[in-house]
1. Each label point is 7 Å from the Cα along the Cα-to-Cβ direction; what then is the distance between the points at Arg156 and Glu122, in nm?
2. Which value at 222 nm does the chain reach when only helices count, each DSSP H run of 4 or more adding -39,500 (n - 2.57), with the total divided by all residues and rounded to the nearest 500 deg cm²/dmol?
3. From the phi angles alone, apply the Karplus equation (6.51, -1.76, 1.60; θ = phi - 60°) to segment 283-298 and give each ³J(HN,Hα) in whole Hz, x where the residue is Gly or Pro.
4. At Glu377 and Thr43, where each label point lies 7 Å from the Cα along Cα→Cβ, what is the point-to-point distance in nanometres?
5. Which one, Leu108, Gly125, Val210, is farthest towards the positive end of the dipole of the chain when Lys and Arg carry +1 and Asp and Glu -1 on their Cβ?
6. Can you list, bin by bin at 10 Å, the percent of alpha carbon pairs in the chain, starting at 0?
7. Out of residues 5 or more away from Asp359 or on other chains, whose amide H comes under 5 Å of its own, with H placed 1.01 Å from N in the peptide plane?
8. So if I take the centroid of the Cα atoms in segment 142-212 and the same for segment 228-296, what is the distance between those two points in Å?
Amino acid sequence: MSSNTLILGLQWGDEGKGKIVDALSKEVHAVCRFQGGHNAGHTIKVNGKQTVLHLTPSGILHPNVNCVIGNGVVLSLEALDKEINGLIDTGISFDNRFYVSSGCALILPSHISIDKIRDKKESIGTTGRGIGPSYEDKIARRAVRFGDIGNQDILRQKVELLVSYHNRLLVELYNEKPHDIEDVISEIMSYKHLYDKYCTDTQGLIYDWVKDDKSLLFEGAQGTLLDIDHGTYPYVTSSSTTAGGVSTGLGLGPKYIDRIIGISKAYCTRVGEGPFPTELFDDNGKMLAEKGHEFGATTGRPRRCGWLDLFALKKAVFTNSVTDICLTKLDVMDEFSEIKVCVEYQNEEPVYKTFRGWDSSTVGISAFENLPIQAQEYINFIEDFVGCRISYVSTGPSRNQTIHR
Ligand code: IMP
């Protein structure tokens, strides 16, 4: 019998989703992205070479797995072309197994200009990839969509309208240079091979697969606290990063999601601006950053680090109906004498519970009973507090450095 699984982040992204997505993706018929764009970053090794996937679902590494970019994703043709070419160079084939929804809103060069100039003024700390402005235009019903490339007249009409609007913003509001409409149209058309090869009705495909009892994996990007509705607004990304995004971003109802695996680090990190109540500014924070190699995969920016926020994690479990938690990077906490977790807020300040650290290496431990007792206590407390089973614990970057419970 088939089983469809959703994997998503329970914090501010970068929870280490990649490892578990990689492990599960080889067992499914298709891996589907449902939101976000090339703001996501997932570092993997392909044939010994380090590669970062921004758009392509990680199923692409397994030759028999289909990959879908659903309508909920905002699409940069330039980024997609570059990523596909890079992967083809390493020997990966996209033929007859890679599908992109005709409904994806395109990211145009003018979206990137608007994102960058605005972020200088409003300072959300975006990835500067045009994600927010592209989603704005989608909601405002003026987006150019991937499928529009199939009709030159419609494409021209829509680009003229949209880029004229962008140019007014850029010139009149931001004192920036306008974009040449003909250049934008030529640039889009220079990627027509992507439309010819990969553009399709992905909802129809998914419908057929579900009917044929195939197992699917839905791959989330970013994390729950960056969700446009349920995150730390306005310091969020512009998509629905939570479980509901699967239904809207791919066009299948929630009853087809059988299992929801939420990924959380054993501590917390955040890139970009915005509230982070448990952030550490002392040596503990530095130790997490250094030991955890906490630098953003997309922008290379250092990540802010802090204690685990169980109040937020419990809410994230509810928001997403998480069925299983995967706790990652436990080994990064090996050297602490004391570890804290936030259990509630009083007057907007975090209230902590303090644990004894385990002060010994957990790297590579793959059985729960072999963990130091303090680490077991830490994990059991998290599980009880948030009311959800921690089914996986990651103790290192390799696939076998994982505890399955
Ligand atoms: P945007 O998604 O580029 O609009 O950026 C909005 C916020 O989301 C910024 O704080 C980014 O740093 C953050 N963000 C976007 N994508 C990711 C991600 O994949 N991991 C972590 N943070 C992200």
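The values are calculated or read from the model by the stated rules, or taken from the named source; none is laboratory data. Here the structure is a predicted model, which is why all the values come from computation and not from measurement. So basically every Cβ, Gly included, is an ideal-geometry build from the backbone, and we count neighbours across all protein chains shown. Keep in mind that these areas ignore ligands, DNA and RNA; they rest on the heavy atoms of the full protein, side chains included. Shrake-Rupley method; radii C 1.70, N 1.55, O 1.52, S 1.80 Å.
1. 3.4
2. Numbers: 12 runs with 128 residues, N = 405.
Value at 222 nm, helices only, nearest 500: -9500 deg cm²/dmol.
3. Working through the residues one at a time gives 5, 4, x, 5, 5, 4, 4, 6, 5, x, 6, 8, 10, x, 6, 8 Hz.
4. Once both label points are built, they end up 3.3 nm from each other.
5. Val210
6. Result returned by the calculation: 5, 23, 31, 25, 12, 4, 0.
7. For Asp359, the qualifying residues are Phe336.
8. Their Cα centres are 29 Å away from one another.
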